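Report on one structure; see the data block that follows.
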Amino acid sequence: MMMTKQREMAVHPIGLSRLGDDSIEFSWSDGRIDQWTAMELRKACPCATCREKKRGEEQKLTMPGSAMLLPVLSRAEAAPLRIEAMDPVGGYAYRVRFSDGHASGIYPFDLLRK
Ligand SMILES: [Zn+2]
């Protein structure tokens, strides 16, 4: 029998598995599967600090001669990035903790769907 009172439900993850050291795979309730590397997730970090940093980098790119400037990587950034933990947040997102210590990004499910 069909459920008549079923509300429209947002797509949510039904499975989360590690692929090796630095990748993660989401299985979604609609059957879709997305794979992310730690680096991809880190770059997509939606926290205020990362958004600010990204904006700064985009501005730099528009300045002439900026291509000659090489970014200086800290030791933590130079090491292979790993995902330390994925903590569910409020049933709509995950907080991702990275091996570089960054953990302020809250990734809503729709961001995690590529
Ligand atoms: Zn961030």
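The values are calculated or read from the model by the stated rules, or taken from the named source; none is laboratory data. Just so you know, these numbers come straight off a predicted model, no measurement behind them. Reconstructed Cβ throughout: ideal geometry from the backbone, glycine too, with neighbour counts over all protein chains shown.
Remark: pairs (first residue in the range 38-63, closer than 26 Å to Tyr94 by Cα and within 9 Å of the ligand (Cβ to nearest atom); second residue assigned to a helix (DSSP H, G or I) and modelled with pLDDT under 90; Cβ separation under 9 Å; 6+ apart in sequence or on different chains) = Cys45/Lys54.
Could you list, in sequence order, the residues of the range 17-37 that are free of Cβ contacts under 8 Å to residues at least 12 places away in the same chain and within 16 Å of the ligand (Cβ to nearest atom)? Walk me through how you get there before you give the answer.
Taking the range 17-37 first, the residues free of Cβ contacts under 8 Å to residues at least 12 places away in the same chain are 17, 20, 25, 31, 33.
If the condition is that a residue be free of Cβ contacts under 8 Å to residues at least 12 places away in the same chain and within 16 Å of the ligand (Cβ to nearest atom), then no residue fits.
Screening Gln35 on (1) loosely packed, with under 13 Cβ neighbours inside 10 Å; (2) more than 13 Å from the chain's Cα centre (by Cα); (3) modelled with pLDDT of 95 or more; (4) on the phi < 0 side of the Ramachandran plot shows it passes everything except condition (2).
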